[in-house]
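Here's the structure, in C-alpha cells; my notes come after.
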Amino acid sequence: MAGLWTPICDRLGITYPIFGFAHDVSTVAAITNSGGFGVYGATRRFPDEIREELAEIRRLVGKRPFGVDLVLPPGMPEHNSREAIEAEIPEAHKAFVQQLIEKYQVPPASEPGMRTRFIRSAEIEAAQLRAVLESDVNMFACGIGAPPDAIAEAKALGKITLALIGSPHHVARSRAAGVDMLVAQGYDAGAHTGPIGTFSLVPQIVDEAGDMPVLVAGGVATGRHIAASLAMGAAGVWMGTAWLLSEEHQGHMHPVNTEKLKAAGSADTVITRSESGKTFRQVRTAWSQEWENDDAPEPLKMPYQDVLVGDLLGAIEEHDIEPLIHSGAGQSVAYFNEVRPVAGIMKTLVAEAETALARQQSYLR
Ligand SMILES: Cc1cc2nc3c(=O)[nH]c(=O)nc-3n(C[C@H](O)[C@H](O)[C@H](O)COP(=O)(O)O)c2cc1C
C-alpha cells in the first residue's frame, strides 16, 4: 500500500504531513523524530528560556525541521507591569477569587503561576520574537495575530511562516501579512478557539487560500480525520490534544490532569474565558463551573484575567487542589484514553490514515 504523503512533505523535509503542537521540548522533538513536524509552544517562556529550549530541541532532532509558536495578540499593554494592571482590576473580581481560595482552602503559591510569571506586553513580545528570530528554528507560527513585520523578518531569515486562523475572513489578513501557510482551527480545538466548527470552516478557508497550503486543526484525532482533512483540500493536519497523553509530556502534566483527560469524552470540555480572558476550551471541572455560576463575575479581558487568576492557577496545581485542577483540551480528547509514546501515537495515525485513504480510493469506479 502506498504511504501517507502530500506535497508539503517534500517542501518541508518531513515524512508525514502531521504537525504536532506541544508546550514541552521532549514531546516536540519526539514528534519531529517520528516523521512529523513538532512545534514548540513558547508563548509563556522568557526570551532566554526560548533560546535555550530551541537549542535543546535542535540538539535532539539534528537537521530535521521543527517550529515554534508565539501568541502575539494586538492591543497588549506597552510594558511588563503587574502593578499597573492590578490597579485596574475591579474589587468584585478580587473578592470572587478570594472566595474561591477560601472555599477550596488553597494555600498561597510559592512562586507566580504560568500566567503571571510575566505579564503579556508589547515589550516582552518583542524580546520573545527576537529570541525566535535569532535561533535556527525552521518555522515560526503565530497563534493569535500575525504581525507583518515579524513575518517579513522571519521569511528573510529563511523560516517558514504560518498563522492559526478561525474564520475565512482571516485569510486575506494573513495573506497581506505574508504568511506561507495557514492552520484552519475549528471550534472543536483545545485551548483558545473560535466559534466555527472544523468541518464548516476548512473548505471555506481552503477556497480562500488559493495556493497557500492549509492545515486542519481542531478535532483531528485519528487517521480517519487525517483522510477527511485531505479530502477537504488541506495539505496536512495540526494536532494539540493528541500529545497531552503522550509519555513524553507526562513530566509537564499534573497526574490529576492525566486521569481527568483519560476519562473525558467530547461533551466533557467547555469553552470559558476564565482562564485567560479569551475563549479557551478545557476539560470541565469545578474551576469552569464556578465561573459559570450566577454569582460569578464576567471574566476580564486578556491580560487582566491572567493577572487576576494566574497565581491561583499555579497554587491549585502546586497544592494538589483536585476539584480545581484542569487542563486545556479539545473535543478530540474522547479518542485518547491511555498514556502512549509519541512514536506509537504517530504510527497509529499514519496506519489509520493510509487505510482510510485506500478505502476512499476504492469508492471510485
Ligand atoms: C493545552 C493546549 C494548549 C495550547 N496552547 C496553544 C498556544 O499557546 N498557542 C497556539 O497557537 N495554540 C495552542 N493550542 C492549540 C493548538 O495549537 C492546536 O491548534 C489545537 O490543539 C488543535 O486542536 P485539537 O486540540 O483538537 O488537536 C493549545 C492546545 C492545547 C490542547
Which ordering of LEU133, LEU100 is given by a fewest-first count of other beta-carbon atoms within 10 Å? LEU133, LEU100
When Rg is the radius of gyration of the Cα atoms in region 1-103 and Rh is its Kirkwood radius, what does Rg/Rh come to? 1.20
Quick calc, the chain, dipole around Cα centre from Cβ unit charges on Lys, Arg (+) and Asp, Glu (-), nearest 20 debye, gives 1400 debye
For the chain, what is the per residue volume of the convex hull drawn over the alpha-carbon atoms, in cubic angstrom? 134 Å³
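Could you calculate the FRET efficiency of ALA263 with SER110 from 1/(1 + (r/R0)^6), where r is the beta carbon distance between them and R0 is 25 Å, rounded to 0.05?
Between ALA263 and SER110 the formula returns 0.30.
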Taking the Cα atoms only, what angle lies between the long axis of helix 122-133 and the longest principal axis of the chain, rounded to 10 degrees? 30 degrees
When LYS159, LYS301 are ranked with the fewest other C-beta atoms within 10 Å first, the list becomes LYS301, LYS159
Could you tell me which of VAL270, ASN293, MET253 has its Cα farthest along the dipole of region 246-318 towards the positive end, charges placed at Cβ (Lys, Arg +1; Asp, Glu -1), taken about the Cα centre? VAL270
From the square roots a ≥ b ≥ c of the eigenvalues of the alpha-carbon gyration tensor of region 145-277, which class results: rounded (a/c under 1.5), prolate (a/b over b/c), or oblate? prolate
Treating region 229-363 as a set of equal point scatterers at the Cα positions, no solvent, please give the Debye-formula log₁₀ I(q)/I(0) at q = 0.10, 0.14, 0.21 Å⁻¹. -0.42, -0.74, -1.28
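Can you tell me how region 80-127 classifies by the Cα gyration tensor, rounded, prolate or oblate, using a/c under 1.5 as the rounded cut?
oblate
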Full-stretch length increase - GLU318, ARG359 - with 0.36 nm per residue and alpha-carbon distance subtracted: 9.9 nm
Distance in nm between ARG284 and SER200 label points, each 7 Å along Cα→Cβ, equals 2.1 nm
Segment GLU86-GLU52, extension gain: residue separation times 0.36 nm, minus the distance between their alpha carbons: 9.1 nm
Specify which residue in the list SER174, ILE101, VAL132 is farthest towards the positive end of the charge dipole of region 84-181, using unit charges on the beta carbon of Lys, Arg (+1) and Asp, Glu (-1), about the Cα centre. SER174
Quick check for you: which residues of region 267-284 have the amide N under 11 Å from the point 7 Å beyond the Cα of ALA296 toward its beta carbon? 270-275, 284
Can you sort ARG64, ARG175 by how many other beta carbons sit within 10 Å, fewest first? ARG175, ARG64
Packing-ranked peptide list from 70-80, 179-189, 348-358, highest mean Cβ count within 10 angstrom first, is 179-189, 348-358, 70-80
Which shape class, rounded, prolate or oblate, goes with region 287-326 when its Cα gyration tensor gives a ≥ b ≥ c as root eigenvalues, a/c under 1.5 marks rounded, and past that a/b bigger than b/c marks prolate? oblate
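The numbers here are math on the coordinates, done by the rules we state, and not lab data. From a predicted model like this one, the values you see are computed outputs, not experimental measurements. For neighbour counting, all protein chains shown are included, and Cβ atoms are generated from backbone atoms with ideal geometry for every residue, glycine included.
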